[in-house]
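The values are calculated or read from the model by the stated rules, or taken from the named source; none is laboratory data. Quick caveat: nothing in here was measured; it's all calculated off a predicted structure. Please note: Cβ atoms are built from the backbone with ideal geometry, for glycine as well, and neighbour counts cover all protein chains shown. Side chains are part of the model used for accessible areas, which takes the heavy atoms of the whole protein and leaves out ligands, DNA and RNA. Shrake-Rupley method; radii C 1.70, N 1.55, O 1.52, S 1.80 Å.
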Amino acid sequence: MDVFSRTFLPAAAEAGVGIPTVSRHMPIFRRCVDPDDTTVLVSRCYRPDAPMSGEFMMVLTYRRLVVTQETKVFHRLRLHLNANLRHLSNVTWNPDVAHSAVEITATAVDGVRERFRMRLAEPDAVWHCDSLLEHVFRPTRVIAA
């Protein structure tokens, strides 16, 4: 089993994503993520500015952000965003403990501002998600003496 599979399945289980959902989305994620890339975060999410656009599934690795969309009526899957983290700019997130949610926004290489809201199970999960995002998007820098 490759690194992506070994790390994706526990991250999906931690997020409460069921096996049928994982199985449906996995072929798209496999095409986008390298086998040696480590999964940091898996989450279902939605777009607050487009509530009727269906549900989204987000996978964050140390190199990529991949988001798939599942339409409401026919449950069709499509790739919504596949971006190398180096090509994302102005990445921000806002933890909301009162609603157990985290909103993440980023500008893709084509200039489109993407905005997603993740609903989480409990307030502790909000802080865990915040620390994962902090770890990926704001790595500590080593200052050479």
Report task. Kindly indicate whether D130 is charged (D, E, K, R), open to solvent by 30 Å² or more (accessible area, probe 1.4 Å), in contact with an Asp or Glu (Cβ under 9 Å, 6 or more places away or on another chain) and farther than 25 Å from R30 by Cα. Result -> no
Query - Top-ranked residue in the stretch 34-75 [being β-branched (V, I, T) and more than 19 Å from A13 (Cβ to Cβ); ranked as farthest from the chain's Cα centre (by Cα)] - result: V73
Query raised in the report: Quick one: would you say D2 is more than 18 Å from I104 (Cβ to Cβ) and open to solvent by 10 Å² or more (accessible area, probe 1.4 Å)?
Result: yes
Query raised in the report: Among the residues of the stretch 49-69, which ones are in a loop (DSSP other than H, G, I, E, B), within 22 Å of E134 (Cα to Cα) and touching a Lys or Arg at 6+ places or on another chain (Cβ under 9 Å)?
Result: R63
Report task. Filter the stretch 54-70 down to residues that are touching a Ser or Thr at 6+ places or on another chain (Cβ under 8 Å) and at negative phi and give me whichever is surrounded by the fewest Cβ atoms within 10 Å (Cβ to Cβ). Result -> Y62
Report summary line: Among V42, V91, the single one that is open to solvent by less than 50 Å² (accessible area, probe 1.4 Å), more than 14 Å from R115 (Cα to Cα) and of a type in the set (A, V, I, L, M, F, W, C) is V42
Report summary line: Contact list, first residue from the stretch 14-37 and in contact (Cβ under 8 Å) with a residue 40 or more places away in the chain and within 18 Å of V3 (Cβ to Cβ), second anywhere and open to solvent by 20 Å² or more (accessible area, probe 1.4 Å) and of a type in the set (K, R), beta-carbon distance below 7 Å, six or more apart or interchain, is C32/R64
